[in-house]
Amino acid sequence: MQHNTSHIPGGNQAFVPIKNIQWAFKTNGKIFSSPAISKGIVFIGSEDKSLYAINIKTGQQKWKFATAGAVHSSPAVYGSNVYMGSYDGYYYAIDIATGKQKWKFKTGGEKHVGDTSYWGMKPAGEYMDDLWDCFLSSPIIYKSNEGPTVCFGSSDGNVYAVNARTGQQKWKFATNGIIHASPALYNGTIYIGSWDTYLYAIDAATGKQKWKFKTGAQLAMTGIQATATIQNGIVYFGARDAHLYALNAATGRVVWKYDAQNSWVISSVTISNNVLYVGTSDTFLLLALDAATGKEKFRFKTNGYVFGKPAIVGSTAYIGDFTGNMFSIDINAPEKKRATFSTASRKKYAGSILKNDTLNFMYAAKNTDLYLYANNKKVMDNFYQLGSIASSPIVAAKVLYVGSADGYLYALNLKLE
């Protein structure tokens, strides 16, 4: 495996680790949503069924918008509105200034991926949710001839495009699986993955399919949760089939694919200076890959699953893991320059939940029968006690913002060393 770090152009910027907490805002549920920032406000969704608007300087709530379901969709801001989806089966447009609903759009219903006797777990005949299905599709907004359009996927298997001002449907595109990935737009084309194993390229104006690409379909290694990232005519995305793909954006043909060693790739890709940065689940890695070839430049091992999208600022990469750690990593010297911020929950529970400070499912199961679904759920609930970070961090004005399963949205000051 190639571990050469000498050709990663990160510029001459200093390594900027996390310094301390500026503020932390507590919601009443786990946060899987990623923050969005506009006009001095941070927006974040919570499992407590609410979307929050928080003053970026003080950490004080400006307003909260209540839905009837968990908000695992990340908000998107356009103009005077913020848009997001809820497990109550609606996508919403909310006025940024007042927190009042502008419109809501009813999907065919939002739900977790799951099945009867999922992956052969017991008791036979019982319906089981996928325990690693953390996200709902997050909306994107783009300009069209009729004005701005909001696009999102749904658990009902459809991709929707609706008028951003009125909430009226413009088109919908049907797949054969739940869609929890978010759409990406490039050159008039929407790219989005479905749990039916396909990545779709859809004309953004008409909703007509341009092409589709099939990923793997092995038991427990099926579906696409990651959002595609497109640059220089290439679509990059990971799948649960343990591969990261680079496809020609126009044709859907494979440019290269990277084998992630039996690890799901739920994280979305960040590109900086023609290097891809992406997290893996079971191997606990932040990977850096050459965008043109897929050749590995370095790997950085965290302590648990990496579901979020890395943030790259200058020569520093920021990424959270499922054990409640937030890492700062110098991409020019990943083995030498790194720093870690840990949630208070992690500090409290790591000793009893982790093995050698690392996520270990068998250890956490404590010799219980993992063919039983309830025992798997218990392990995951224990992991969440650590303040798991599945949210994707964003950086603005030397402050990093990220959500955690401990219910907090953190504003973390960065420091120059």
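The values are calculated or read from the model by the stated rules, or taken from the named source; none is laboratory data. Just so it is clear, the structure is predicted and the values come from calculations on it, not from any experiment. Positions of Cβ are backbone-derived with ideal geometry, glycine not excepted, and every protein chain shown enters the neighbour counts.
Does region 204-216 include one or more residues that are of a type outside the set (Val, Ile, Thr), within 19 Å of ILE271 (Cα to Cα) and either outside the structural domain of ARG253 (by TED's automatic domain parsing) or surrounded by fewer than 20 Cβ atoms within 10 Å (Cβ to Cβ) (or both)? No, there is no match, as no residue in region 204-216 is of a type outside the set (Val, Ile, Thr), within 19 Å of ILE271 (Cα to Cα) and either outside the structural domain of ARG253 (by TED's automatic domain parsing) or surrounded by fewer than 20 Cβ atoms within 10 Å (Cβ to Cβ) (or both). Counting the residues of region 381-417 that are in contact (Cβ under 8 Å) with a residue 24 or more places away in the chain and either more than 19 Å from the chain's Cα centre (by Cα) or not in a loop (DSSP other than H, G, I, E, B) (or both) gives 23.
Scanning region 365-392 for residues that are under 20 Å from TYR305 (Cα atoms), of a type outside the set (Phe, Trp, Tyr) and surrounded by fewer than 24 Cβ atoms within 10 Å (Cβ to Cβ) returns ALA365, LYS366, LEU370, ASN375, ASN376, LYS377, LYS378, VAL379, MET380, ASP381, ASN382, GLN385. Restricting ALA184, ALA161 to those that are over 24 Å from VAL265 (Cβ atoms), modelled with pLDDT of 95 or more and not polar (S, T, N, Q) reduces the list to ALA161. Filtering region 354-380 to residues that are in a helix (DSSP H, G or I) and free of Cβ contacts under 8 Å to residues at least 60 places away in the same chain leaves PHE361, MET362, TYR363, ALA364, ALA365, ALA374, ASN375, LYS378, VAL379. Note on region 210-301: enclosed strands (runs of 3 or more DSSP E) holding 2 or more residues that are of a type in the set (Ser, Thr, Tyr) are 270-272.
One residue alone among SER272, SER263 is among the small types (Gly, Ala, Ser), without any contact (Cβ under 8 Å) to a residue 24 or more places away in the chain and either crowded, with 21+ Cβ neighbours inside 10 Å or under 24 Å from MET326 (Cα atoms) (or both), and that residue is SER263.
Restricting attention to region 28-75, the residues that are within 20 Å of the chain's Cα centre (by Cα), surrounded by fewer than 24 Cβ atoms within 10 Å (Cβ to Cβ), part of a loop (DSSP other than H, G, I, E, B) and hydrophobic (A, V, I, L, M, F, W, C) total 1. Determine whether region 185-201 contains at least one residue that is acidic (Asp, Glu) and out of contact with any strand residue (DSSP E or B) (no Cβ under 7 Å at 6 or more places or on another chain). There is at least one residue in region 185-201 that is acidic (Asp, Glu) and out of contact with any strand residue (DSSP E or B) (no Cβ under 7 Å at 6 or more places or on another chain). Of all residues in region 334-364, those being among the aliphatic types (A, V, I, L, M) and loosely packed, with under 15 Cβ neighbours inside 10 Å number 2. When you scan region 264-280, do you find a residue that is modelled with pLDDT of 95 or more and farther than 18 Å from THR229 by Cα, even just one? No, because not a single residue in region 264-280 is modelled with pLDDT of 95 or more and farther than 18 Å from THR229 by Cα.
In region 8-16 there is no residue that is modelled with pLDDT of 95 or more and among the small types (Gly, Ala, Ser). Here ASN367 meets each of (1) modelled with pLDDT of 95 or more; (2) among the polar types (S, T, N, Q); (3) assigned by TED's automatic domain parsing to the domain that holds ALA411 with one exception, condition (1). Checked across region 238-252, the condition of being within 13 Å of VAL306 (Cα to Cα), touching a Ser or Thr at 6+ places or on another chain (Cβ under 9 Å) and in contact (Cβ under 8 Å) with a residue 60 or more places away in the chain holds for no residue. Please work out if GLY308 is closer than 24 Å to LYS415 by Cβ, small (Gly, Ala, Ser), outside the structural domain of ALA246 (by TED's automatic domain parsing) and within 22 Å of the chain's Cα centre (by Cα). Yes; evaluated as a whole, the condition is true for this residue. Of the residues making up region 163-191, those that are touching a Ser or Thr at 6+ places or on another chain (Cβ under 7 Å) and either within 26 Å of SER80 (Cβ to Cβ) or in a strand (DSSP E or B) (or both) are ASN163, ALA164, LYS170, TRP171, SER182, ALA184.
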